[in-house]
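Taking it in order: structure first as structure tokens, then the write-up.
The values are calculated or read from the model by the stated rules, or taken from the named source; none is laboratory data. Because the structure is a prediction, the values reported are computed rather than measured. Note that each Cβ is placed from the backbone with ideal geometry, even for glycine, and that neighbours are counted across all protein chains shown.
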Amino acid sequence: MRGMGKTKSMRRPVWAGLCGAALAGTLLAAPGTALADGPARHPDPGPRWQLGESGTEARFRGLAAVSRGTAWVAGTKGTVLRTSDGGRTWREVSPPGAADLEFRDIEAFDGRRAVVLAIGEGEASRVLRTDDGGATWKESFRNTDAKAFYDCMTFFDRRHGLAMSDPVDGRFRILSTADGGRSWKVLPDTGMPTAQEGEAGFAASGQCLVSSGPRDVWLATGGASRTRVLHSADRGLTWRATDAPIPAGDPARGVFGLAFRDRTHGLAVGGDYRADQPSPRAAAVTRDGGRRWDPAGRPPPAYRSGVTWLPHSRSTALAVGPTGTDVTTDGGRSWRTVDTGSYDTVDCTPDGGCWAAGEKGRIARLTRR
């Protein structure tokens, strides 16, 4: 979205071997409570975000968590970092000559293969891919339409993926790849609903376009009179729009991040990204694939830009934003703040790794201290 500003060593993760419900208990436990994986001999504050040393002041809104040991981040001034040792060290693997680009999303298949999205008007929107851990990069798409502005991308598998642009000629534009991001084509817009006046996506966390399973994908919007979530069940060919009960009516308000644990259960977070404005209804939940969205009974206390389900959990998730991290243990109906650090995006992996990233080079993994 054009209106949005461009804005220590790790230890073994507590999530290893824990189910989502047990982990949620440790997140919400008071200091001194025994952890779920056994009684503690000494008071233990439970799992917390452990900041790593990124060696940069870049702001990271793009995050791709591969495993407990491997993750990628992408951010301002064309910066891309990768870790393969659980965050003890981060290696800069930025594409050469990319210092003028603003990376806002990155999708990684493993420690060697990743696709990164640069945002901006016209040719500032680009996609690059690496197959050797960032040693070399190849540009696979450069936008040539001055009316397009790409925000987010997602992959269904290692081959098929989509990227989305703010509306062009009244409809959101969808870019498609069938070869892992090596080449892209614009999809027909005949199955896309007409955009509202001022409606766009937010390139805030790489989560305004998310997928679950082989064909389902959701697109989050804001900036218009109504906040909406669009759903496609055929990899972006046809879409249905549904209103979401998150603040609207201003270019700074809307849904900023989505997360689906399967094709029916989803979470939406957002609000008003301006620090001096309240976000009283910053989260919503769906149980039918996005046909209906219900407001959280107790939402996060402020704007949130990123959200993710805990691995192997049916009811527990994390949301992050500039003023803190919140956890839900009831599938998104209520949220509780568990950390006040600033993060823009968050991602978890099936093997129990969970990572967050944000401003001033902040990258963290959930650990037991």
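So which strands (runs of 3 or more DSSP E) are wholly in segment 217-301 and hold at least 2 residues that are under 20 Å from Trp335 (Cα atoms) and of a type outside the set (Val, Ile, Thr)?
Details: elements: 228-232, 240-243, 253-260, 266-272, 283-286.
Those strands (runs of 3 or more DSSP E) span 253-260, 266-272, 283-286.
Testing Asp250 on (1) crowded, with 16+ Cβ neighbours inside 10 Å; (2) under 18 Å from the mean Cα position of the chain (by Cα), one condition comes back false. Which one is that? (2) is the only condition that Asp250 fails.
Within segment 83-101, which residues are assigned to a strand (DSSP E or B) and surrounded by fewer than 23 Cβ atoms within 10 Å (Cβ to Cβ)? Please lay out each step first, then the result.
Restricting attention to segment 83-101, the residues satisfying the condition of being assigned to a strand (DSSP E or B) are 83, 91-92.
Listed by number, the residues that qualify are Arg91, Glu92.
Just one of the listed residues (Gly120, Gly111) is outside any strand (DSSP E or B) and at pLDDT 95 or above, namely Gly111.
Annotation note: of Gly75, Gly86, Gly120, Gly97, the sole residue that is farther than 27 Å from Met164 by Cβ and not hydroxyl-bearing (Ser, Thr, Tyr) is Gly86.
For segment 123-138, a residue qualifies if it is assigned to a strand (DSSP E or B) and of a type outside the set (A, V, I, L, M, F, W, C), and the qualifying residues are Arg126, Arg129, Thr130, Lys138.
State whether the residues of segment 323-341 include one that is assigned to a loop (DSSP other than H, G, I, E, B), within 14 Å of the chain's Cα centre (by Cα), at pLDDT 95 or above and closer than 22 Å to Gly201 by Cα. Scanning segment 323-341, I find no residue that is assigned to a loop (DSSP other than H, G, I, E, B), within 14 Å of the chain's Cα centre (by Cα), at pLDDT 95 or above and closer than 22 Å to Gly201 by Cα, so the answer is no.
Listed conditions (1) farther than 27 Å from Thr89 by Cα; (2) buried (at least 24 other Cβ atoms within 10 Å of the Cβ); (3) not aliphatic (A, V, I, L, M) are all met by Cys354, apart from (1).
For segment 196-240, filtered to residues that are hydroxyl-bearing (Ser, Thr, Tyr), within 17 Å of the chain's Cα centre (by Cα) and under 18 Å from Ser305 (Cα atoms), the residue that is surrounded by the most Cβ atoms within 10 Å (Cβ to Cβ) is Ser205. Out of everything in segment 317-351 that is of a type in the set (Ser, Thr, Tyr) and closer than 13 Å to Val73 by Cα, what residue ends up being surrounded by the fewest Cβ atoms within 10 Å (Cβ to Cβ)? So, considering only residues that are of a type in the set (Ser, Thr, Tyr) and closer than 13 Å to Val73 by Cα, the one surrounded by the fewest Cβ atoms within 10 Å (Cβ to Cβ) is Tyr343.
In this structure, does Leu366 turn out to be among the aliphatic types (A, V, I, L, M), under 26 Å from Ile106 (Cβ atoms) and touching a Leu at 6+ places or on another chain (Cβ under 7 Å)? No, not satisfied. Pairs are defined by a Cβ separation below 6 Å, a sequence spacing of at least 6 or placement on different chains, a first member in segment 249-265 that is closer than 12 Å to Ser279 by Cα, and a second member that is crowded, with 21+ Cβ neighbours inside 10 Å and modelled with pLDDT under 95; the pairs so defined are Arg253/Pro247. For Gly52, the conditions (1) out of contact with any strand residue (DSSP E or B) (no Cβ under 7 Å at 6 or more places or on another chain); (2) farther than 27 Å from Trp184 by Cα all hold with the exception of (1).
Of all residue pairs spaced 6 or more apart or on separate chains, none has beta-carbon atoms under 7 Å together with a first member in segment 117-133 that is closer than 15 Å to Leu175 by Cβ and surrounded by fewer than 20 Cβ atoms within 10 Å (Cβ to Cβ) and a second member that is at pLDDT below 95 and among the aromatic types (Phe, Trp, Tyr). Can you confirm whether segment 176-194 contains a residue that is modelled with pLDDT of 95 or more, assigned to a strand (DSSP E or B) and either within 20 Å of the chain's Cα centre (by Cα) or crowded, with 17+ Cβ neighbours inside 10 Å (or both)? Within segment 176-194, one or more residues are modelled with pLDDT of 95 or more, assigned to a strand (DSSP E or B) and either within 20 Å of the chain's Cα centre (by Cα) or crowded, with 17+ Cβ neighbours inside 10 Å (or both). Residues of segment 354-369 that are over 16 Å from Gly324 (Cβ atoms), assigned to a strand (DSSP E or B), modelled with pLDDT of 95 or more and not aromatic (Phe, Trp, Tyr): Ile363, Arg365.
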